[in-house]
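Worksheet: the structure to be examined is printed underneath.
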Amino acid sequence: MMGTKDGYFDLFGDNLIHGIISTVLITLTCWTLFVDNLQGIYSIIFSLVIIAQIWLAARFKSLHENVIKKLQDSEKEKHHMTYYDEITKLPNERYLLKKIKDNLTSNTSEKAVLVLEIERLSTIKSSLGSFYTDRMLQMVADRLQKNLPNDYLIGKLREDQFLLLLENQNDHSRIEKLCRELQDLMKSPFLIQHFSINVNINIGIAFYPEDAGSAEDLIHFAQFAMDEARKIPEHFAYYRPSMSQERAEKITLENDLYTAIQDNQLVLHYQPQLELKTNEMISMEALVRWKHPEKGWITPLDFIPIAEESGLIVPIGKWVLETACRQTKELQELIGQPVRVAVNLSIRQLFHENFVQVVRDILKETELPPEYLQLEITESMTMDTSYMMPILNQLKETGVTIAMDDFGKGYSSLSYLKDLPIDCLKIDREFVRNIEQTNSEPIVDLIISMSKHLNLKVVAEGVETMEQLEYLLNSECDTIQGYLISKPIPFCNIAKNLKRLREERKNLQFRTHANYYGLIKEVFN
């Protein structure tokens, strides 16, 4: 160890000290050669011993202080790595658990735990990389620390989750006000280099001692509530006891869904779309369905969110795309006419590695011409155009068409619609459902008018009544889809029904809308 560069046991320290000591010793040694009596030599030796003792004492004291300081620094670093998040520098889950446990022991006052989830963080990371997500998390932490009271405990849980601990708090109205303030706080885009990243947050809330009596349960129950918050418009939710059972059922369903993919339990149903100008059914939407061996049919509303959260949506999405292309090609050959199929995309699927190449490979393998495949995205997926645009442009280069589904929910800015490489807008079914009410008519008219101006096709979803159909006809909507025409049906029925409609249409004497659409409903329902 002696002489090593770490300085722990280097007796001479640096070269300067070494040089000074050496010079002094050499000088004193030379001087003694000129001393005649022995007493003088002894005096010099004694002086050297005293000097050496003083120097060694000072040096070892310095070494001791240096060792202590390095040990203390090492201990601080170890403590920080153990109890603080490396990216945000906030207290981590281990620290939060310890702090809340200590707090519950020493202070039994009412408390609230809020768990905040950053939506789409994994998608942002897969598309932009760790640098941007790490920087964004740092900026989120900075906003929280600068805008929340000092007595709030702020910490970091999982990669996409933050935690707040509020003391002496059980007032729901104040908590709800805080949740809205937190959501507003995150609305401003995060500007990182040349990217502008928008995020939403979901917030779960649990109370002590009302909901939980331990630190672990308090955090877990707030996370359960956070899962619920994803599904509701407010994007914040309180824990309720039934959530624990729902969580267990959700885990079971996720495991069953994995088995369903392996065992081919998923099937596609198709909902036809009617072109209003030609009265032709030349397009349809592919919709995935799951027939559980014990529970029967499970609705997409129940299993798609689980697939999204778990990542199973990626293999499911690939299977849907491949099956839809293969069956559409088969349908074209059966009925002898072109048919286009629309397939919904998940944001996780869209940003998955090599997705554009996956589309190319599937089109090649199934021999479906790309113009007969329409890929549907949602408005929320286009919030960050900086990294969405390149993917959409690459998809357009393959020859497929792109539709924006559920248009009108409020995310899109009309100013940038013209820049998106899309071909079609699908009016959200909520507007179609309320089309007979005066407050919905202007919105539908605006969407159709704007689409014409941008040279986009328009599809109205959820058409269920003749009154809705007549209004859309008069408004020059291009295509309709809904239960008035047909509910989603299995592939085995779609070819048979299209053939029958073509034959019966030839024999129809009175070509009014009423009797023609009555025929369609009879054939498909």
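What the table shows:
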quantity: Count - residues of the range 200-211 that are closer than 20 Å to Glu159 by Cβ and buried (at least 21 other Cβ atoms within 10 Å of the Cβ); calculated: 4
quantity: Wholly enclosed strands (runs of 3 or more DSSP E) of the range 87-191 bearing at least 2 residues among the acidic types (Asp, Glu) and not assigned by TED's automatic domain parsing to the domain that holds Ile201; calculated: none
quantity: Sole exception among (1) under 14 Å from Leu454 (Cβ atoms); (2) modelled with pLDDT of 95 or more; (3) not in a strand (DSSP E or B) for Ile402, by number; calculated: (3)
quantity: Filter result for Leu446 (crowded, with 20+ Cβ neighbours inside 10 Å, part of a helix (DSSP H, G or I) and without any contact (Cβ under 8 Å) to a residue 60 or more places away in the chain); calculated: no
quantity: Which listed residue is outside the structural domain of Asn202 (by TED's automatic domain parsing), under 24 Å from Asn393 (Cα atoms), polar (S, T, N, Q) and out of contact with any helix residue (DSSP H, G or I) (no Cβ under 9 Å at 6 or more places or on another chain), from Gln374, Gln349; calculated: Gln374
quantity: Condition check for Lys187: without any contact (Cβ under 8 Å) to a residue 40 or more places away in the chain, surrounded by fewer than 14 Cβ atoms within 10 Å (Cβ to Cβ) and within 17 Å of the chain's Cα centre (by Cα); calculated: yes
quantity: The range 449-469, residues that are closer than 14 Å to Leu274 by Cβ and either acidic (Asp, Glu) or part of a strand (DSSP E or B) (or both); calculated: Lys457, Val458, Val459, Ala460, Glu461, Glu464
quantity: Check on Tyr258, surrounded by 13 or more Cβ atoms within 10 Å (Cβ to Cβ) and touching a Lys or Arg at 6+ places or on another chain (Cβ under 6 Å); calculated: no
quantity: Members of the range 362-380 found to be at pLDDT 80 or above and not charged (D, E, K, R), listed by number; calculated: Ile362, Leu363, Thr366, Leu368, Pro369, Pro370, Tyr372, Leu373, Gln374, Leu375, Ile377, Thr378
quantity: Complete set of residues in the range 212-228 that are more than 15 Å from Leu163 (Cα to Cα) and surrounded by 17 or more Cβ atoms within 10 Å (Cβ to Cβ); calculated: Ala212, Glu228
quantity: Filter result (more than 19 Å from Leu287 (Cα to Cα), β-branched (Val, Ile, Thr) and out of contact with any Leu (no Cβ under 7 Å at 6 or more places or on another chain)) within the range 357-384; calculated: Val358
quantity: Residue among Glu309, Glu322 that is surrounded by fewer than 21 Cβ atoms within 10 Å (Cβ to Cβ), outside the structural domain of Lys231 (by TED's automatic domain parsing) and at pLDDT below 95; calculated: Glu309
quantity: Selection within the range 234-256 - part of a helix (DSSP H, G or I) and touching a Phe, Trp or Tyr at 6+ places or on another chain (Cβ under 6 Å); calculated: Met243, Arg247
quantity: Any hit, the range 275-284, residues being polar (S, T, N, Q) and touching a residue at least 12 places away in the same chain (Cβ under 8 Å); calculated: yes
quantity: Scope the range 318-351; condition under 20 Å from Ser283 (Cα atoms) and of a type in the set (Gly, Ala, Ser); matching residues; calculated: Ala324, Gly336, Ala342
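Residue-wise test of (1) over 23 Å from the mean Cα position of the chain (by Cα); (2) surrounded by fewer than 19 Cβ atoms within 10 Å (Cβ to Cβ); (3) modelled with pLDDT under 95; (4) polar (S, T, N, Q).
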| residue | (1), (2), (3), (4) |
| --- | --- |
| Met139 | no, yes, no, no |
| Tyr152 | yes, yes, yes, no |
| Leu157 | no, no, yes, no |
| Cys179 | no, no, no, no |
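The values are calculated or read from the model by the stated rules, or taken from the named source; none is laboratory data. A quick note: this is a predicted structure, and the numbers were derived from the prediction, not measured. Note: ideal-geometry Cβ built from the backbone for every residue, glycine included; neighbour counts use all protein chains shown.
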